[in-house]
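Asker: Got a structure here, written out as structure tokens. Questions coming.
The values are calculated or read from the model by the stated rules, or taken from the named source; none is laboratory data. On a predicted model such as this, the values are computed, not experimentally measured, just so you know. Reconstructed Cβ throughout: ideal geometry from the backbone, glycine too, with neighbour counts over all protein chains shown.
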Amino acid sequence: EKQGFKHFMLKEIYEQPGVVRASLEAYLDSEWTPDSPSNPVRLGLPDRFYEELEHIQIVACGTSWHAGLVGCYLLEQLAEIPTQVHYASEFRYAPTPLMPNTLTIGVTQSGETADTLSALEMEKRRRLDREPKFAARMLGITNRTDSTLGHMVSDLIDTRAGIEIGVAATKTFSAQLVAFYCLALDLAVRRRTLTPERLGAIVEGLRQLPAQIEAILEVQERYIGELSHQFAETQDFIFLGRGINYPIALEGALKLKEISYIHAEGYPAGEMKHGPIALLDAKVPVVAIAVPGLVYEKVLSNAQEAKARDAQLIGVTAMNDDHAAEVFDDQLPIPTVDELLSPLLTVIPVQFLAYHIAAHRGLDVDQPRNLAKSVTVE
Ligand code: F6R
């Protein structure tokens, strides 16, 4: 049932505030305050997961791989655990040399992606009969606990997004991000890598996200709907981001290509000048994620380099950012938040943009050509 929405994808975009709220309620102790001595996170994972943990490796495909990249950033920056993210299809045939005390996380919303399942299977197999420090520790992050993945690994984080029907993943991505925020916080508390003030600020910031996503949905739908008319003939798009928003640039490009069939590339903004900038001219719009934080000035100057090549510049920026207003031709504003929490907000405008461009082109948004909801071949 589309409940009055034109497509399932649009409905699922609108479900995100509720999904994020429900996941936070499930994993965070609602009574917890910064004065509480306890851990605010409740993931219900066994103690052996945490013992002498030295490395994390994440395997996934597509949008779930992008969630893994955000997860990697959080696990390294908050919990200080060296983390690697692999495309499951690559890891399967060229795995990292066996590391001790390693947690392997498979991220798959469907729980049925063949590449991800076989990468996890291989990892499990090569750790059989080894010394205890090499024993497999496997965690699945999935939206379908009753899936092949669900039966394959004994420990899961259930992302609770509800069934997603649109082939392009939206709400399940947001739910995967919440799972990674909670896992990173859980580990940070156990490893004592955050000050109580920082921990309190992040938990408080997380609790505000659902209302902030609602605000973006309310303000931007019409604006992006109209903006998308400009791209009826556009053939290429570039998405730029840095730091924790680099994966969101990749996600914006993936969403756009899969449902609108427009060629799009996501790049870490600083890499533009090392080649891709040669692609730019007035016919190639550039979407840059430039929100306050560590890399803000850098992204703005990278965006300016694109502007000097006549590219139409669209910024996902903080509301009322006058400085950014001077740089960008169009702004897709989000509430000002800690940069670390921004991906759950910056992803909304890029999902909307992809949706509206595809819908405006009259395409079958929920069933794009050549794609299936779960890819069960390797
Ligand atoms: C993108 C998309 C795909 C999936 C990928 C992995 O919108 O839907 O890229 O993310 O096929 O799927 P799961 O998460 O089911 O393993």
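Asker: Please work out which residue is farthest from residue 209 (Cα to Cα), limiting yourself to the stretch 317-336 and to residues that are buried (at least 20 other Cβ atoms within 10 Å of the Cβ) and in contact (Cβ under 8 Å) with a residue 40 or more places away in the chain.
Answerer: Per the stated criteria, the residue is 328.
Asker: Next up: Contact list please: Cβ distance under 7 Å, first residue in the stretch 44-61 and farther than 19 Å from residue 95 by Cα and touching a residue at least 24 places away in the same chain (Cβ under 8 Å), second residue assigned to a helix (DSSP H, G or I) and more than 16 Å from the ligand (Cβ to nearest atom), pairs at least six apart or on different chains.
Answerer: Between residues of the stretch 44-61 that are farther than 19 Å from residue 95 by Cα and touching a residue at least 24 places away in the same chain (Cβ under 8 Å) and residues that are assigned to a helix (DSSP H, G or I) and more than 16 Å from the ligand (Cβ to nearest atom), the close pairs are 50/190.
Asker: Looking at (1) more than 17 Å from residue 214 (Cα to Cα); (2) part of a helix (DSSP H, G or I); (3) of a type outside the set (D, E, K, R), can you tell me which one residue 352 breaks?
Answerer: All conditions are met except number (1).
Asker: Follow-up question, since we're still on this one. Please count how many residues of the stretch 50-95 are in a helix (DSSP H, G or I) and either in contact with a Phe, Trp or Tyr (Cβ under 8 Å, 6 or more places away or on another chain) or within 16 Å of the ligand (Cβ to nearest atom) (or both).
Answerer: 16
Asker: Hey, another quick one. Six or more apart or on different chains, Cβ atoms under 7 Å: show the pairs whose first residue is in the stretch 138-150 and aliphatic (A, V, I, L, M) and whose second is near the ligand (Cβ under 9 Å from one of its atoms) and part of a loop (DSSP other than H, G, I, E, B).
Answerer: The qualifying pairs are 149/111.
Asker: Please give the number of the condition residue 76 fails out of (1) over 21 Å from residue 155 (Cα atoms); (2) out of contact with any strand residue (DSSP E or B) (no Cβ under 8 Å at 6 or more places or on another chain).
Answerer: Of the numbered conditions (1) over 21 Å from residue 155 (Cα atoms); (2) out of contact with any strand residue (DSSP E or B) (no Cβ under 8 Å at 6 or more places or on another chain), the odd one out for residue 76 is (2).
Asker: Something else now. Just checking, does the stretch 136-143 include any residue being out of contact with any strand residue (DSSP E or B) (no Cβ under 7 Å at 6 or more places or on another chain) and either closer than 24 Å to residue 70 by Cβ or within 16 Å of the ligand (Cβ to nearest atom) (or both)?
Answerer: Yes: the stretch 136-143 contains one or more residues that are out of contact with any strand residue (DSSP E or B) (no Cβ under 7 Å at 6 or more places or on another chain) and either closer than 24 Å to residue 70 by Cβ or within 16 Å of the ligand (Cβ to nearest atom) (or both).
Asker: How many residues does the stretch 14-40 contain that are surrounded by fewer than 22 Cβ atoms within 10 Å (Cβ to Cβ), within 24 Å of the chain's Cα centre (by Cα) and within 13 Å of residue 187 (Cα to Cα)?
Answerer: Of the residues in the stretch 14-40, 0 are surrounded by fewer than 22 Cβ atoms within 10 Å (Cβ to Cβ), within 24 Å of the chain's Cα centre (by Cα) and within 13 Å of residue 187 (Cα to Cα).
Asker: Answer yes if at least one residue in the stretch 164-171 is more than 9 Å from the ligand (Cβ to nearest atom), at pLDDT 95 or above, within 22 Å of residue 25 (Cβ to Cβ) and not basic (Lys, Arg), and no otherwise.
Answerer: No, because not a single residue in the stretch 164-171 is more than 9 Å from the ligand (Cβ to nearest atom), at pLDDT 95 or above, within 22 Å of residue 25 (Cβ to Cβ) and not basic (Lys, Arg).
Asker: Condition test on residue 53, is it surrounded by 19 or more Cβ atoms within 10 Å (Cβ to Cβ) and modelled with pLDDT of 95 or more?
Answerer: No; evaluated as a whole, the condition is false for this residue.
Asker: May I pose another question? If the requirement is being closer than 23 Å to residue 22 by Cβ and touching a residue at least 60 places away in the same chain (Cβ under 8 Å), which of these qualifies: 259, 248?
Answerer: 248
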